[in-house]
Amino acid sequence: MKTDNRRKEAKAKAKTKGKRESFFNLGDGAMVDKAERKQLLLPGVHWTIYQPTIEMVVNELNIQDALKAVIRNKGAPGIDNMQVQELEAYLYKHWPEIKKSILDGSYSPKPVRQVEIPKPNGGGVRQLGIPTVLDRVIQQAIYQVILPIFDADFSDYSYGFRPFKSAIHAVLQAHEYLQEGCDWVVDIDLEKFFDRVNHDMLMARVARKVSDKTILLLIRKFLTTGAMINGVVAETNEGTPQGGPLSPLLSNILLDDFDKELEKRGLRFVRYADDCNIYVKSEKAGLRVMKSLVRYLTHRLKLKVNQQKSAVDHPWNRKFLGYTFTEEKQPNRIRIHQSKIKQLKDKIRTLHRKLRGSDLSKSIRRLIIPITRGWANYFRLTGLNSTFDGLDGWIRRKLRGILWRQWKKPQTRRKRLLSMGLSKKAANAYAYSSKGAWRMARTPGLHKAVTNRTLEKMGYIPMAKMV
């Protein structure tokens, strides 16, 4: 009897858990909305057949998709300290009143938590505004509903934060312009773009295609909700805080006018968010284009161009999305910019202390491989194994140095070297050497003992193999 009771209790818990995991009662209408929205994101589908409404935003399936996206992206908590893991249980309990407040226009987002993120190579800091996890779900829900109506009309040469487009596509398009003989680039850098967006200009552009006033009001509230800085809420009269799901789409909506202007002038360009390159065939043409575009951005869109970082130059002297190009007319002129190689090495160096005091096999799989795999996948366009081979060699040297430090005492080092196949004479010579770990990692003896294959068995996958 006791066993039967335990089984009944387990079944009841499983049922309750299942209900909590899918806490919305999804109807056929919700499924149709999702299918329709996905269909509209396909290239070539026009947006006039689709009009977003606030009912679509709070649609059960749309909210569930938004919740999954926020949980999948993880991220830090906002000012209320609610973690992503707590979100589902919170919505299960409070969704009816949240939905009602969104529908009647009374929902008020909380101020974002402002943090400063250091830019690479000591280039100052970037302001990041982190909304609460609940606000992120609602922003994501709005994003999912209004994206199709805007994305269908965006320029083909806008690649940032869009379905079916990526930074890789942007670099390939730039490479195509070089192959056409465009050996000059107008590299425009917008100064603190996300902090300077004019709210009225942005909302006017959103209202061109979104007629539902409750959606417009909710977006405006997210823009003006304020930021918590050192315990004090500061007003936000301009800008779209980076850190929320809506921000990238809103930036594309504002800069779409700029894209249309470039297309109208017949210019070859590539834009990824606020990073825009225009390719021309002479320096004179580049200077003329730079002058007129700075005037357009300043007067029409009320944005500020960073004159120090913007330039008219050869593409091989500039960086674009982590890549650069070669001056020589080769079939594949795409190369990794040196600053990105330095960033990778710096990232591996920061792990040095963690790696030294751990089981190296586990740490390689847990800490190093996620970094190197992502890096190799992103920079695979270069097609140059020599770059990846060089970095693999540098990382292997780091790992050999860590092993040497972990062995600590000369007696331990001698014992390890002997077990790895070194002769007694060689093991004694290396074990009692006064050289540091970094120099020892390059010696023939340590290479013979800790071979490349040994490190691969420990979990290190060479980037050259990944590519």
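The values are calculated or read from the model by the stated rules, or taken from the named source; none is laboratory data. These numbers were taken from a predicted model, which means no experiment stands behind them. We place every Cβ from the backbone using ideal geometry, glycine too, and count neighbours over all the protein chains shown. The protein model used for the area step is the full one, side chains on, heavy atoms only, and it has no ligands, DNA or RNA in it. Shrake-Rupley method; radii C 1.70, N 1.55, O 1.52, S 1.80 Å.
Structure summary
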{"read-out": "Odd one out for Lys100, checked against (1) open to solvent by 60 Å² or more (accessible area, probe 1.4 Å); (2) modelled with pLDDT of 95 or more; (3) under 22 Å from the mean Cα position of the chain (by Cα)", "value": "(3)"}
{"read-out": "Scan of the range 46-87 for residues that are assigned to a helix (DSSP H, G or I), open to solvent by 50 Å² or more (accessible area, probe 1.4 Å) and of a type outside the set (A, V, I, L, M), ordered by number", "value": "Glu55, Glu60, Lys68, Arg72, Asn73, Gln85, Glu86"}
{"read-out": "Pair list, Cβ < 6 Å and 6+ apart or interchain, from the range 210-224 residues that are β-branched (Val, Ile, Thr) to residues that are open to solvent by less than 10 Å² (accessible area, probe 1.4 Å)", "value": "Val210/Pro52; Val210/Ile146; Thr214/Ile54; Ile215/Ile54"}
{"read-out": "Matching residues, the range 416-429, being in a helix (DSSP H, G or I) and under 46 Å from the mean Cα position of the chain (by Cα)", "value": "Arg416, Leu417, Ser419"}
{"read-out": "Given (1) buried (at least 17 other Cβ atoms within 10 Å of the Cβ); (2) farther than 30 Å from His314 by Cβ; (3) modelled with pLDDT of 95 or more, index of the condition Leu217 fails", "value": "(1)"}
{"read-out": "Qualifying residue in the range 115-124 (condition: in contact with a Lys or Arg (Cβ under 8 Å, 6 or more places away or on another chain), open to solvent by 20 Å² or more (accessible area, probe 1.4 Å) and under 17 Å from Thr214 (Cβ atoms))", "value": "no"}
{"read-out": "Flag if Tyr157 is under 16 Å from Glu60 (Cα atoms), open to solvent by 20 Å² or more (accessible area, probe 1.4 Å) and of a type in the set (Phe, Trp, Tyr)", "value": "no"}
{"read-out": "Arg396 vs. criteria out of contact with any Phe, Trp or Tyr (no Cβ under 6 Å at 6 or more places or on another chain) and part of a helix (DSSP H, G or I)", "value": "yes"}
{"read-out": "Whichever residue in the range 388-404 is more than 16 Å from Met466 (Cα to Cα) and of a type outside the set (A, V, I, L, M, F, W, C) and, among such residues, is nearest to the chain's Cα centre (by Cα)", "value": "Lys398"}
{"read-out": "The one condition in (1) buried (at least 21 other Cβ atoms within 10 Å of the Cβ); (2) touching a Ser or Thr at 6+ places or on another chain (Cβ under 7 Å) that Gly105 fails to fulfil", "value": "(1)"}
{"read-out": "The range 412-467 - residue that is polar (S, T, N, Q) and within 25 Å of Asn385 (Cα to Cα) and, of those, surrounded by the most Cβ atoms within 10 Å (Cβ to Cβ)", "value": "Thr443"}
{"read-out": "Some residue of the range 167-189 being in a helix (DSSP H, G or I), of a type in the set (Phe, Trp, Tyr) and more than 24 Å from the chain's Cα centre (by Cα)", "value": "yes"}
{"read-out": "One residue from Leu418, Leu403, Leu344 being over 30 Å from Cys276 (Cβ atoms) and in contact (Cβ under 8 Å) with a residue 24 or more places away in the chain", "value": "Leu403"}
{"read-out": "Matching residues, the range 307-320, being of a type outside the set (A, V, I, L, M) and open to solvent by 20 Å² or more (accessible area, probe 1.4 Å)", "value": "Gln307, Gln308, Lys309, Asp313, His314, Trp316, Asn317, Arg318, Lys319"}
{"read-out": "Scope the range 406-415; condition assigned to a helix (DSSP H, G or I) and either in contact (Cβ under 8 Å) with a residue 40 or more places away in the chain or over 40 Å from the mean Cα position of the chain (by Cα) (or both); matching residues", "value": "Gln406, Pro410, Gln411, Thr412, Arg413, Arg414, Lys415"}
{"read-out": "Residue ID - farthest from Gln179 (Cα to Cα), chosen from residues in the range 270-303 that are open to solvent by 100 Å² or more (accessible area, probe 1.4 Å) and touching a residue at least 12 places away in the same chain (Cβ under 8 Å)", "value": "Lys302"}
{"read-out": "Filter result for Asp212 (surrounded by fewer than 22 Cβ atoms within 10 Å (Cβ to Cβ), touching a helix residue (DSSP H, G or I) at 6+ places or on another chain (Cβ under 8 Å) and over 22 Å from Val305 (Cβ atoms))", "value": "yes"}
{"read-out": "Selection status of Ser386, among the polar types (S, T, N, Q) and open to solvent by 50 Å² or more (accessible area, probe 1.4 Å)", "value": "yes"}
{"read-out": "Residue match in the range 228-235 (condition: open to solvent by 40 Å² or more (accessible area, probe 1.4 Å), over 27 Å from Asn306 (Cα atoms) and among the acidic types (Asp, Glu))", "value": "no"}
{"read-out": "Test for Ser251: is it open to solvent by less than 30 Å² (accessible area, probe 1.4 Å), under 24 Å from Pro148 (Cβ atoms), among the small types (Gly, Ala, Ser) and within 24 Å of the chain's Cα centre (by Cα)", "value": "yes"}
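Each row is one residue, and each column tells you yes or no for (1) under 20 Å from the mean Cα position of the chain (by Cα); (2) assigned to a loop (DSSP other than H, G, I, E, B); (3) not polar (S, T, N, Q).
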{"position": "Gln343", "(1), (2), (3)": "yes, no, no"}
{"position": "Ile348", "(1), (2), (3)": "yes, no, yes"}
{"position": "Arg353", "(1), (2), (3)": "no, no, yes"}
{"position": "Ser363", "(1), (2), (3)": "no, no, no"}
{"position": "Thr372", "(1), (2), (3)": "yes, no, no"}
{"position": "Ala376", "(1), (2), (3)": "yes, no, yes"}
{"position": "Ser386", "(1), (2), (3)": "no, no, no"}
